[in-house]
Amino acid sequence: MFTATEDQIKNWKKEHGDVFKFKSEKHGKAVYCRKPKRKEMSFVSTIKDPLKFNEALLKACWLDGDAEVLTNEDIFLGMSAEVSLLLEFAKIDVEKL
């Protein structure tokens with residue numbers, strides 16, 4: 001299983017903000033991702049197929065990890081259920097004046 005060093009994680013956080021680790025204990029694989037940027041969100045939002053959307057989002061936010069996550073159906077489909085966590089952004093309050 002790929003494991004990033006503390007220095008790698010620290011540098012990623014400094015450069016990208018939040019960093020997420022997705023892992024499959026069963027397969028011994030892990031990847032590290034960051035949140036998507038506006039340009040990436042604009043691109044992936046045009047994708048209608050949910051699996052292609054998840055794959056594009058994962059690839060866009062990929063920092064490092066085991067590449068098999070993208071090719072192993074069991075791991076990828078399991079990760080697809082969790083990749084939406086990358087889309088949690090700040091809660092904004094709106095007040096009608």
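Summary table below
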item: Surface share of carbon and sulfur [accessible, 1.4 angstrom probe, percent] for the chain; result: 53 percent
item: The chain - accessible surface per residue (Å², probe 1.4 Å); result: 70 Å²
item: Highest average packing first - 35-48, 67-80, 84-97, Cβ atoms within 10 Å; result: 67-80, 35-48, 84-97
item: Value of [θ]222 nm, deg cm²/dmol, for the chain, DSSP H segments ≥ 4, -39500 (n - 2.57) each, nearest 500; result: -12000 deg cm²/dmol
item: Angle in degrees between helix 50-61 and the longest Cα principal axis of the chain, rounded to the nearest 10; result: 80 degrees
item: log10 of Debye I(q)/I(0), alpha-carbon scatterers only, for the chain at 0.18 Å⁻¹; result: -0.85
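The values are calculated or read from the model by the stated rules, or taken from the named source; none is laboratory data. Remember, predicted model here, so these are calculated numbers, not experimental data. Virtual Cβ from ideal backbone geometry, glycine too; neighbours counted across all protein chains shown. Please note that ligands, DNA and RNA were not included when accessible areas were found on the heavy atoms of the full protein model with its side chains. Shrake-Rupley method; radii C 1.70, N 1.55, O 1.52, S 1.80 Å.
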